[in-house]
1. Being at positive phi, assigned by TED's automatic domain parsing to the domain that holds Ile131 and touching a Lys or Arg at 6+ places or on another chain (Cβ under 7 Å) is true for just one of Arg213, Arg181. Which residue is that?
2. For region 130-149, what are the residues that are surrounded by fewer than 23 Cβ atoms within 10 Å (Cβ to Cβ), of a type outside the set (Lys, Arg) and either assigned to a helix (DSSP H, G or I) or outside the structural domain of Val238 (by TED's automatic domain parsing) (or both)?
3. Could you check Gln199 against (1) buried (at least 19 other Cβ atoms within 10 Å of the Cβ); (2) in contact with an Asp or Glu (Cβ under 8 Å, 6 or more places away or on another chain); (3) within 15 Å of Ser179 (Cα to Cα) and say which number it fails?
4. Determine whether Gly152 is at pLDDT 50 or above, at positive phi and in a loop (DSSP other than H, G, I, E, B).
5. Kindly establish whether Leu176 is under 22 Å from the mean Cα position of the chain (by Cα) and closer than 23 Å to Thr244 by Cα.
6. Could you check, for region 200-208, whether at least one of its residues is assigned to a helix (DSSP H, G or I), among the β-branched types (Val, Ile, Thr) and either assigned by TED's automatic domain parsing to the domain that holds Ala134 or free of Cβ contacts under 8 Å to residues at least 40 places away in the same chain (or both)?
Amino acid sequence: MSDALTHAELRAFAHIFRDHVTARHVLDDSGFPQGQQPIWEQNPMVFWREVSRAIEAGVVRDGRRRLLAAAVIRYPENPIFAAPDRVPVAEGTPSPSTGDGGNPPTNSPLPAVAPPKGAPAGSPTKMDFFISVAAGDEKWAEWILERLEHAGYRVRLPARETVGGSRETEIIHTGLRSSRRVLALLTRRYLEARNVRVQWQTAFRLDPVGAERGLIPIRVEECEPDGVWDGLVYIDLVGLDEGTAAARLTSELEASLLGGYPPPPRPAAFPG
C-alpha cells in the first residue's frame, strides 16, 4: 500500500499548515530530516505534494503515519488527522468529531500519540513561544496565550505549570530551554521587575543581533522601553480594541517568524 498522503490529507495540510514556519514545525516534529525537506513554494499544495512524494520515496520510515501523528497533536479534533485507524488514541479518549475543521477546541483532551520511532524516550516537544510576564500582568499573558494556541502555536506560560511542591526556577529553566522564542510583555512593571530579567536576558544572549527574532517584545501598556530595549522593535497593542489587537498580534508575529511581511498578492500600483 502506498505511503503517500491521500488527497484529503494533502488538502488538510495545505489549508492548515499554509506557511513555511508551521509547515517546518510539523515536519520537524514528525522526524522529517531538515536537509531533505522540500523547498517552500508560494502554493502550499505544491509544497505538500512534494512532501508526499518524499514520504512515498521512503525519506522517512512510516512517514505518513508519523506526519499525521505530529499534526494531530496540534489539531486533535481534525477528522483528517485524527482518524482512529491512523493515530493511536488512548483508551477512553472521546472519538474525534468534525469540530471546526482545524482549530483545537479549548480544554479538549489530547489523544495519546505514539512518539516517532527512534526519538529518545521522554524527549520534550519544542515549543514555539515562552511568555515572559511580570507579576500583575497575568491577564494579558492568558489572553495572548489563548490567541496563539487558537492560531496553532505551542506556548509555555510558567504560571500554568506552577503548582504546590513545584520549583518555579526549574519550571522557568525548562521552559526557556524548550522554547524557540521568548515573548516579553512590556509594561512599567515588567521593565522594573528584577525577577524577569534572567528570562529576557537569556533570549537576548542567544540572539544578540535579532537575526532569529529570539526575543520578541509585545507592548501591552503605555511605557517607555529604554536601555537595551531601545531600538528593539516591539509589537504594539496599546490602545487597540480586542479584534484589532488579536489581528495585529498574529500578523506581526508571523512576520517576525518569516523575517518580513509577505509580498502583496498583486503588483503595487504605480503612485504617479
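1. Working: Arg181 fails: at positive phi.
After applying the criteria, what remains is Arg213.
2. Scanning region 130-149 gives Glu138, Trp140, Ala141, Glu142, Trp143, Leu145, Glu146, Leu148, Glu149.
3. The one condition Gln199 does not meet is (2).
4. On the way: at pLDDT 50 or above: yes; at positive phi: yes; in a loop (DSSP other than H, G, I, E, B): yes.
For Gly152, the condition - at pLDDT 50 or above, at positive phi and in a loop (DSSP other than H, G, I, E, B) - is met.
5. Numbers: under 22 Å from the mean Cα position of the chain (by Cα): yes; closer than 23 Å to Thr244 by Cα: no.
Spelling it out, it is not the case that Leu176 is under 22 Å from the mean Cα position of the chain (by Cα) and closer than 23 Å to Thr244 by Cα.
6. Of all residues in region 200-208, those assigned to a helix (DSSP H, G or I) come to 200-206.
Narrowing further to those that are among the β-branched types (Val, Ile, Thr): 202.
When the remaining residues are screened for being either assigned by TED's automatic domain parsing to the domain that holds Ala134 or free of Cβ contacts under 8 Å to residues at least 40 places away in the same chain (or both), the result is 202.
Within region 200-208 (the criterion being assigned to a helix (DSSP H, G or I), among the β-branched types (Val, Ile, Thr) and either assigned by TED's automatic domain parsing to the domain that holds Ala134 or free of Cβ contacts under 8 Å to residues at least 40 places away in the same chain (or both)), the answer is yes, since at least one residue qualifies.
The values are calculated or read from the model by the stated rules, or taken from the named source; none is laboratory data. Everything numeric in this text was worked out from a predicted model, so none of it was measured. As a convention, Cβ positions derive from the backbone with ideal geometry for all residues, glycine included, and neighbour counts pool all protein chains shown.
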